[in-house]
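Here the structure comes first, spelled out in structure tokens, and everything after it is commentary.
The values are calculated or read from the model by the stated rules, or taken from the named source; none is laboratory data. In this text, all values refer to a predicted model and were calculated from it rather than measured experimentally. Positions of Cβ are generated from backbone atoms using ideal geometry, with glycine treated the same way; all protein chains shown enter the neighbour counts.
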Amino acid sequence: MGRKNAKEKILQAALEIFSSKSFEGSRIEEIARAANVPKSLIYYHFKSKEDILETLTANFIQAYMKIIQSATHESHQEKGENIVNRMESSYYAFGQENADLVRVMLIDSLKKTKEKPVLFKVLDAMIAKEYEDKSVSRDLLDERRIVEFFTSFIPNYAYICFAEAWTKYFEIDRKKFDTLYLKAYEATHGAYHKQHQ
């Protein structure tokens, strides 16, 4: 097994353990068993369990940034008009592929003891890329962070995490659920972009 292969196996096993037992409830020994590697190999690649989560998060941010690259030059109006199309063509598949990590990040970020929730790091990466070449006022930056976090990140992460359980509990067809969610998302987050030139 090559080193890159082993590292990927460890990350995948850690994600499975973190998402089923929670980050706090997981142990390195469990990750080693799930990855079928010696514990020493985990410590060869990672300093700690926190380092594993940092790596998973960094990989998530890197992949997420590739998706949002296409929208960074759009005006607010264009973002508002294209929001449903972007959700259907890019963000939905990305969310489904990363649903377990989204759960881990959401749960970890909800801890009262967290001074720097991991979701804030994802938000910062997105906002920084969008405004890297611009001179933006602090007020505008604060507004964008709040809008993105509370009308996009949190609803979308909740949507990813609860969609399956929601459709079963409320006995609603998944396609209908997705359509209604996108309608609500466009009316909230999409409306913000349409109102800001």
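Just one of the numbered conditions (1) modelled with pLDDT of 90 or more; (2) in a helix (DSSP H, G or I); (3) over 20 Å from TYR64 (Cβ atoms) is not true of ALA191; which one?
Among (1) modelled with pLDDT of 90 or more; (2) in a helix (DSSP H, G or I); (3) over 20 Å from TYR64 (Cβ atoms), ALA191 violates only (1).
Being under 21 Å from the mean Cα position of the chain (by Cα) and exposed (fewer than 12 other Cβ atoms within 10 Å of the Cβ) is the filter here; which residues of the range 165-178 pass it?
Hit for the range 165-178 is ALA165, nothing else.
Within the range 153-168, is even one residue within 29 Å of SER22 (Cα to Cα), basic (Lys, Arg) and in contact with a Cys (Cβ under 8 Å, 6 or more places away or on another chain)?
Scanning the range 153-168 turns up no residue that is within 29 Å of SER22 (Cα to Cα), basic (Lys, Arg) and in contact with a Cys (Cβ under 8 Å, 6 or more places away or on another chain).
All but one of (1) assigned to a helix (DSSP H, G or I); (2) at pLDDT 80 or above hold for ILE172; state the number of the condition that does not hold.
Of (1) assigned to a helix (DSSP H, G or I); (2) at pLDDT 80 or above, only one is false for ILE172: (1).
Check every one of the helices (runs of 4 or more DSSP H) wholly within the range 1-66 and list those with 1 or more residues that are closer than 18 Å to ASN98 by Cβ, free of Cβ contacts under 8 Å to residues at least 60 places away in the same chain and within 18 Å of the chain's Cα centre (by Cα). Break it down stepwise before answering.
Working: elements: 3-21, 28-35, 39-45.
Result: 3-21.
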